[in-house]
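Reviewing the structure listed below.
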Amino acid sequence: MFRIKITINYGNNTILIEMIDGTCYFSIISISVRIDWFCAFYISLTNGVELMKEIPLPLIKANQAGIVLFVLLAFLLQQPLLIYALFIIQLIPLAFGTKANLFAGLAKLFFSEERLRNAETQAAELAKFNQSIAVILLGIAAVSQSLGWSAAAYLFAAMVACAAMFAILGYCVGCTIYYQYKRWKLLRARKHP
């Protein structure tokens, strides 16, 4: 196995670049940047580069189910702390990678290694993009709740839960946004070479 690892620290930011058997992995950990900038920077950095192996769909679905469950419980129990908790649960894997996802980690206890190996997969870049959208909306929900705007907090959390429910049922809202973003970027590049 051939492996090169480069870590760049700049203030509160860490960029990790790894090359393993010809595949390049990028990880960006940034505490000081806004999430929306992070998401756009992440996409531009990874354009045309394979990030990592695909993520098994059962783990993606487990994460989506966890999101739906937490938002439903927060609403039914009127417990805004569950929205804060969900924000943190989703933020950690965005910063530290899929292996840090609580819901996926719990799902691994119930799925055999062979089942995950043979399962359909989703591109890691797409999963991270979708998770970025979820974190942005959950962050807005958390800030809204801390300002006392409970209705807005539940509205933004419900948007994430609805998108997760649609994804479980087979329609990925984040995938549509991702496709449109990539299409717009390609068209813009063609107009302004």
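Observations
- Selection of GluC sites (Glu not before Pro), segment 102-193, meeting DSSP coil and at most 10 other Cβ within 10 Å: Glu120
- In Hz, Karplus ³J(HN,Hα) per residue of segment 69-75 (6.51, -1.76, 1.60; θ = phi - 60°; x = Gly, Pro): 4, 4, 5, 4, 5, 4, 6
- Protection proxy ranking of 162-169, 175-182, by the mean of other Cβ atoms within 10 Å over each peptide's residues and highest first, is 162-169, 175-182.
- Ranked packing of 94-100, 58-64, most packed first, by mean Cβ within 10 Å: 58-64, 94-100
- Summarising the amide proton neighbourhood of Gln122: residues at separation of 5 or more, or on other chains, whose placed amide H is nearer than 5 Å comprise Ile55, Leu57.
- Whole-angstrom gap from segment 59-77 to segment 137-193, using each part's C-alpha centre: 16 Å
Values in this text are rule-based calculations from the coordinates and carry no lab data. Computed from a predicted structure; not experimentally measured. Using ideal geometry, Cβ is built from the backbone for each residue, glycine included, and neighbour counts are taken over all protein chains shown.
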